[in-house]
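The values are calculated or read from the model by the stated rules, or taken from the named source; none is laboratory data. These figures come from a predicted structure and were not determined experimentally. Backbone-built Cβ (ideal geometry, glycine too); neighbour counts: all protein chains shown. In case anyone asks, the SASA skips ligands and DNA or RNA and just uses the protein heavy atoms, side chains included. Shrake-Rupley method; radii C 1.70, N 1.55, O 1.52, S 1.80 Å.
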Amino acid sequence: MQGFIDKNTSTVAALKTAIRAVAEGRVTFSESFLRTKAARIANPHSFDKLLTDRERTLLSLVGRPLTDGEIASLLAISHETVEKHRFNLRRKLSLGTTTELVRYAQEHGFVLSPPASFGGQKPV
């Protein structure tokens, strides 16, 4: 990522400055982005401290319209392992149901872009 500018808090001048910086090969981030990132890093309950890489990958798939069987196939794991990951995710995130887990994945941006790795396979 070369930069991030918050469209809700940045001015047109800030956007022009950011575009110029990225065009020159520099990295630029808005103050709101940096504050949010710092808060996430400082939070001991942040999802990136609670969840393993595999759990984050699974969470990104849970938020999509995929069955456990399809998730298992994509990750080359058993259906039972998918169920176990789903259970662990709900426990770690203090969510009672799979519906809440799906909503969490969608509301927290886990389904906006494909996970980094699917064991060499492409996401559906």
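Points to keep in mind about this one:
- Per-residue extension of 0.36 nm, minus the Cα-Cα distance of Glu31 and Thr81, leaves a gain of 13.9 nm for this segment.
- Leu93 accessible area, assembled protein chains, probe 1.4 Å, Å²: 30 Å²
- Only aspartates and glutamates eight or more places from Lys37 in sequence, or on another chain, were considered; those with a Cα closer than 19 Å are Asp6, Asp48, Asp53, Glu107.
- Amide hydrogen proximity for Phe4: with H placed 1.01 Å from N in the peptide plane, the residues at 5 or more positions away or on another chain lying under 5 Å are Thr28, Phe29, Ser30.
- Local electrostatic count, Glu80, Cβ distance below 13 Å [Lys/Arg +1, Asp/Glu -1]: 0
- Listed residues Glu83, Glu24 arranged by accessible area, highest first, probe 1.4 Å: Glu24, Glu83
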